[in-house]
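The values are calculated or read from the model by the stated rules, or taken from the named source; none is laboratory data. Everything numeric here is computed off the predicted structure, so don't read it as measured data. Quick reminder, even Gly has a Cβ in these numbers, built from the backbone with ideal geometry, and neighbours come from all protein chains shown.
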Amino acid sequence: MRILFLGNNWVGWQVVSWLKEQMGEIVGLVVHPPHRARYRDKIIESAGVDPEFIFDGSKLRQSDIITKVRELKPDIGVSALFGYILRPEFLRLFGSGCINIHPALLPYNRGAHSNVWSIVDETPAGVTIHYIDEGVDTGKVIAQERVQIEPVDTGETLYWKLELACVELFKKTWPLIYSGRATSVVQNPGKGTYHRVRDMENIDEIDLNRTYAAAELINILRSRTFPPYPGAYFLHEGKKVYLRLQLLYEDELDTESG
């Protein structure tokens, strides 16, 4: 199976590395441009693709790029935390479709920052492998796994739980996809949630003159606790004051006396 891999972030690096270990035939690679990329160099190194067949993810609409990808004759596209929307003309290049690894339990938390919104909206968290269609995270679901949100989880700890679960689910599911034995189910179009990157602006500023339920405020603060990112804040004399939470179970507390 000839694979075009589209990846970013730690998950992209781990998945492409594993595919190479499985002797996957990666004929082309699509990465984010440097200013939007994470783990770009490691992904490129692990993929082992000729530089001629490494493409900029921000340019996939260009006709010359589409032509070059078509000439590679990829059977399937594998997307791992890839941040660009794929257009129908591009998706039609794959005889076996294009699959995506999404760090959310679809149809909940389509779009961006699922680690934040699972906590804020109190929606189920998890990871999903699905076919890519013309929508955003709306394609048929191949496999899913739920991830438990604990009371002590922050945006950071849940993020890493989801990342690890993405990689493990892919490893379990890829043999079924590769052999043509994977099944898929249609998502319920009237169910679920969707968030854009800019939706974070609606929760980041804590209004000191507003009344919050305790659970709502705690969820906002812990969801946005992800150093080194600044997170939620309130305004004092025109300056932003940032807040982070430390959450511990009682048996994790320091028992030192003194």
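Some notes on this structure:
- Among the candidates V141, V185, residue that is over 17 Å from the mean Cα position of the chain (by Cα) and either farther than 20 Å from W18 by Cα or at pLDDT below 95 (or both): V185
- Top-ranked residue of the range 129-173 - restricted to ones that are among the β-branched types (V, I, T) and assigned to a loop (DSSP other than H, G, I, E, B), ranked as surrounded by the most Cβ atoms within 10 Å (Cβ to Cβ): I132
- Residue within the range 118-127 that is buried (at least 17 other Cβ atoms within 10 Å of the Cβ), assigned to a strand (DSSP E or B) and aliphatic (A, V, I, L, M) present: yes
- Residue list for the range 68-86, filter: surrounded by fewer than 22 Cβ atoms within 10 Å (Cβ to Cβ), touching a helix residue (DSSP H, G or I) at 6+ places or on another chain (Cβ under 9 Å) and part of a loop (DSSP other than H, G, I, E, B): G83, Y84
- Residue within the range 204-214 that is in contact (Cβ under 8 Å) with a residue 12 or more places away in the chain, buried (at least 16 other Cβ atoms within 10 Å of the Cβ) and not in a helix (DSSP H, G or I) present: yes
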